[in-house]
1. Compute the whole-percent fraction of alpha carbon pairs in the stretch 27-218 spaced more than 24 Å apart.
2. Just subtract the alpha-carbon distance of SER123 and LYS83 from 0.36 nm times their residue separation and send over the number in nm, one decimal.
3. With a 1.4 Å probe and every protein chain kept in, tell me what percent of the accessible surface of the stretch 27-218 is carbon plus sulfur.
4. For the stretch 132-140, take each phi angle, set θ = phi - 60°, evaluate the Karplus expression 6.51 cos²θ - 1.76 cosθ + 1.60, and give the result in whole Hz per residue in order, putting x for glycine and proline.
5. Can you list residues whose amide H is under 5 Å from MET122's amide H, if they're 5+ apart or on another chain and H is modeled 1.01 Å from N?
6. In debye, nearest 20: dipole of the stretch 27-218 around its Cα centre with unit charges on the Cβ of K, R (+) and D, E (-)?
7. Quick one: if the Förster radius is 35 Å, what FRET efficiency do ASP164 and GLU68 give, using the C-beta to C-beta distance and rounding to 0.05?
8. Under a 5 Å amide H to amide H cut-off, with H placed in plane at 1.01 Å, what residues pair with ASP164 once short-range neighbours are removed?
Amino acid sequence: MAKNWQANRRKDHFYKKAKAQNFRSRAAFKLQQMCERYRIIKEGDIIIDLGANPGGWCQVAKELVGEEGLVIGVDLKPIEPIKGVHLIKGNAKSERVKRAINEILEKEREKNIKVNVVISDMSPKISGNYHMDHAVSVGLAELSLSFAEEYLRPGGGYVVKVFDGDMTHDFFHKEIRTRFRMAKRHSPIASRSSSSEIYIIALGYKGLDKEDLVEEEDEISDDSEE
Ligand SMILES: C[S@@+](CC[C@H](N)C(=O)[O-])C[C@H]1O[C@@H](n2cnc3c(N)ncnc32)[C@H](O)[C@@H]1O
């Protein structure tokens, strides 16, 4: 009971803070906190944001990349326009969404250009069945990882939300840590306590030709799971 009250109070606190700062969601603070701590997004970067409605993460990403950067947000639901952000309504699973992303990248930059960071806050519709919600959430995380593989440039960054559960361990160790030089599990203060969601932050994408980075990787101290 006391825990619930605390969680609600925290939710309320971030809700008010989001309104005061003109952010569209409390979720905006989660990305802000992660970026403050890990410097995931830099000025001038190109970002793909999956599961972007109502647009809080897009707002934070746009602030960080500035005028020179590029942010592309994707969601099943329509998103109210955000100045300087390209928005695509559609299912991230569909080829149409990828075609739309490719068109924006080609128009704004150049054909086949790679991006700096892929972020995904995609969530399933909660069914109430914990195991089912966990499994669907891991499926969405895997979908976002396929975007990272297709679009990230070597050295790029990746942030993904997942509802924690028994499949998270394999996803983290077998799928993320093998593809990135640094990976961490993170619970932002804005979502802690009542929620089972965690974020995985991964930096230094190895690219498809992973051998290129082996020497460099050896020089980096192991900075893995918290
Ligand atoms: C928690 S919300 C994202 C909040 C957002 N990061 C913000 O700051 O405003 C999760 C979103 O994931 C979207 N989503 C879930 N599955 C998706 C899919 N297959 N393709 C695109 N969006 C999806 C949902 O429509 C929902 O709007």
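The values are calculated or read from the model by the stated rules, or taken from the named source; none is laboratory data. Quick caveat, the model's predicted, so the values are computed rather than measured. Note that each Cβ is placed from the backbone with ideal geometry, even for glycine, and that neighbours are counted across all protein chains shown. Just the protein is used for accessible areas: all its heavy atoms, side chains included, with ligands, DNA and RNA removed. Shrake-Rupley method; radii C 1.70, N 1.55, O 1.52, S 1.80 Å.
1. 35
2. Separation in residues times 0.36 nm, less the Cα-Cα distance, equals 11.9 nm.
3. Answer for the stretch 27-218: carbon and sulfur cover 48 percent of the accessible area.
4. 5, 4, 4, 4, 5, 5, 5, x, 5
5. LYS161
6. In total the dipole reaches around 460 debye.
7. 0.45
8. GLU197, ILE198
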